[in-house]
Amino acid sequence: MRKLGIIGGISWVSTRSYYEEINRQVQARTDRRHSAPLAIESIDFSQVYRLQEPEEWTRATEVLTEAGRNLERSGAGALVIAANTMHKVYDKVAEGVNIPIFHIAEAVGVKMAADGVKTAALFGTRNAMTESFFRRRLVAHGVDLLPPNMDDAEALDRIIYEELMVGKVTRDAERTLKTMITQKEQDGAKAIVLASTELDRVVDVDANVLPIYDSTRIHAQRAAEWILGED
């Protein structure tokens, strides 16, 4: 098996999710005696929390690039960034290392195209929902995304940053997401993309009114395939 580096998410919660999910994926393809060879560079998420200003994003790029270089020096042959929103600086981070970084939205787009999904709604932070760095990758794979609802974006930002990233899961958040998904179905969506590594805590990924494309699970699957040489 090949060694993968994980650049930690913007909370330890999402970093843990990646560690667990990649190992589950590797075990599912081999047997339970195996575990994935992983190196993790955990990020102090106070440095990359709810970024808005250009200089803050510049600092985030520096933090992630240095983390990637540390993982490369540790012997990792490829990387994943365990945060959807941090893929806003993916291109610059990728330029700063000499090993591949698997883009989370690219993995999701490939999966959705293979499943023939043509119309979907995207849920995540305000950045992921409204900016092009995530959306354009899905569109490139033939997925038509419904326009973001700004009230939803505000509500999701609050749930993600103020609750899920500190390990808080509430029934109110679960009900809010269920209502949003039902509304998107009525608007014509045929699937939902969870573009946040924390949203699976308040969305039933395996049993919902629409197919749920959980970016964390799909990204981890891509990582496991690479670890096992299946790419």
- prompt: So Ser74 clears everything in (1) crowded, with 16+ Cβ neighbours inside 10 Å; (2) hydroxyl-bearing (Ser, Thr, Tyr); (3) more than 20 Å from Tyr213 (Cα to Cα) except one condition, right? Which one?
  reply: (1)
query: Does Val139 fit the bill of being over 16 Å from the mean Cα position of the chain (by Cα), open to solvent by 30 Å² or more (accessible area, probe 1.4 Å), farther than 14 Å from Thr119 by Cβ and among the hydrophobic types (A, V, I, L, M, F, W, C)?
result: no
- prompt: Taking Arg175, is it open to solvent by 20 Å² or more (accessible area, probe 1.4 Å) and under 18 Å from the mean Cα position of the chain (by Cα)?
  reply: no
message: Take the residues in the range 81-119 that are buried (at least 24 other Cβ atoms within 10 Å of the Cβ) and of a type in the set (A, V, I, L, M, F, W, C); name whichever of them is farthest from Ile6 (Cα to Cα).
response: Val108
- prompt: What single numbered condition from (1) among the β-branched types (Val, Ile, Thr); (2) out of contact with any Leu (no Cβ under 8 Å at 6 or more places or on another chain); (3) in contact (Cβ under 8 Å) with a residue 12 or more places away in the chain fails to hold for Thr58?
  reply: (3)
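The values are calculated or read from the model by the stated rules, or taken from the named source; none is laboratory data. No experiment lies behind these values; they were computed from the predicted model shown. Glycine gets a Cβ as well: all are built from the backbone with ideal geometry, and neighbour counts include every protein chain shown. The accessibility values were calculated without ligands, DNA or RNA, using every heavy atom of the protein model including side chains. Shrake-Rupley method; radii C 1.70, N 1.55, O 1.52, S 1.80 Å.
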